[in-house]
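See structure below.
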Amino acid sequence: MIKKITRNDKKTKEEINAFVGKAFSLWDRIKMGGLGSTRYLIKESSDSIQQILNTSDTKHYCNIELRPGGIILNFRSLQEIYAWVVPFYKLHVYKQEIFYSFYANTDYMSIQCSTENKKGNDFIRRILEAKAEASRHSSMFHYYDQ
């Protein structure tokens, strides 16, 4: 789900919260060592995202926010801010050399994260750990734990 979040719209905020959960509390953020990533360079994306990005000719960057039920990839085009909201159960992450690719349904985004960017690589590792933890607690797996 791609949403324009430039303006503080209550309905949009509720949709995002329903999709990936409410933002973590301040105390949880401190305990987890932060929930936002560094800035990543967007190298490639699906057509739906590329149509938004093509409105300006500058380099495009994104950052990632971790939520209890997924991630939000925030990016900007011209004066507008967009959020690609991806729940963990739809998220697939692939790594190829210095690029990470995030896939959900028909959308994807490839970002550049060099090996020297330890903080960026650690954050993506935390996303994968949170995804694994969420899948362990999903109702689909409770049947097999009994």
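Of note:
- Of the candidates S56, S114, S110, the single residue that is closer than 27 Å to K4 by Cα, hydroxyl-bearing (S, T, Y), modelled with pLDDT under 90 and outside any helix (DSSP H, G or I) is S56.
- Within the range 40-58, residues that are more than 27 Å from N121 (Cα to Cα) sit with their Cβ atoms under 6 Å from residues that are outside any loop (DSSP other than H, G, I, E, B) and among the polar types (S, T, N, Q), at 6+ positions apart or across chains, in these pairs: T55/S77; S56/S77.
- Of all residue pairs spaced 6 or more apart or on separate chains, none has beta-carbon atoms under 6 Å together with a first member in the range 1-20 that is closer than 21 Å to Q79 by Cα and touching a residue at least 12 places away in the same chain (Cβ under 8 Å) and a second member that is part of a helix (DSSP H, G or I) and of a type in the set (G, A, S).
- The criterion of being modelled with pLDDT under 95, within 9 Å of the chain's Cα centre (by Cα) and either buried (at least 19 other Cβ atoms within 10 Å of the Cβ) or not small (G, A, S) (or both) does not hold for N105.
- Among the residues listed as L53, L26, the single one being touching a strand residue (DSSP E or B) at 6+ places or on another chain (Cβ under 9 Å) and not aromatic (F, W, Y): L53
- Selection within the range 74-86 - within 12 Å of I52 (Cβ to Cβ), surrounded by 17 or more Cβ atoms within 10 Å (Cβ to Cβ) and hydrophobic (A, V, I, L, M, F, W, C): F75, A83, W84
- Hits in the range 84-94 (condition: part of a strand (DSSP E or B), over 21 Å from K4 (Cβ atoms) and in contact (Cβ under 8 Å) with a residue 24 or more places away in the chain): V93
- Selection within the range 48-76 - small (G, A, S) and closer than 30 Å to G33 by Cβ: G69, G70
- Within the range 20-51, the only residue that satisfies the criterion of being surrounded by 13 or more Cβ atoms within 10 Å (Cβ to Cβ), assigned to a helix (DSSP H, G or I) and at pLDDT below 90 is R29.
- Qualifying residue in the range 66-83 (condition: out of contact with any Cys (no Cβ under 8 Å at 6 or more places or on another chain) and in a helix (DSSP H, G or I)): no
- Total residues in the range 117-143, condition at pLDDT below 85 and either among the aliphatic types (A, V, I, L, M) or part of a strand (DSSP E or B) (or both): 1
- If the condition is being among the hydrophobic types (A, V, I, L, M, F, W, C) and more than 17 Å from R39 (Cα to Cα), then the range 86-109 contributes V86, F88, L91, V93, A104.
The values are calculated or read from the model by the stated rules, or taken from the named source; none is laboratory data. If you're wondering where the values come from, they're calculated on a predicted model, not measured in any experiment. When we count neighbours, we look across all protein chains shown, and the Cβ atoms used for this are built from the backbone with ideal geometry, even at glycine.
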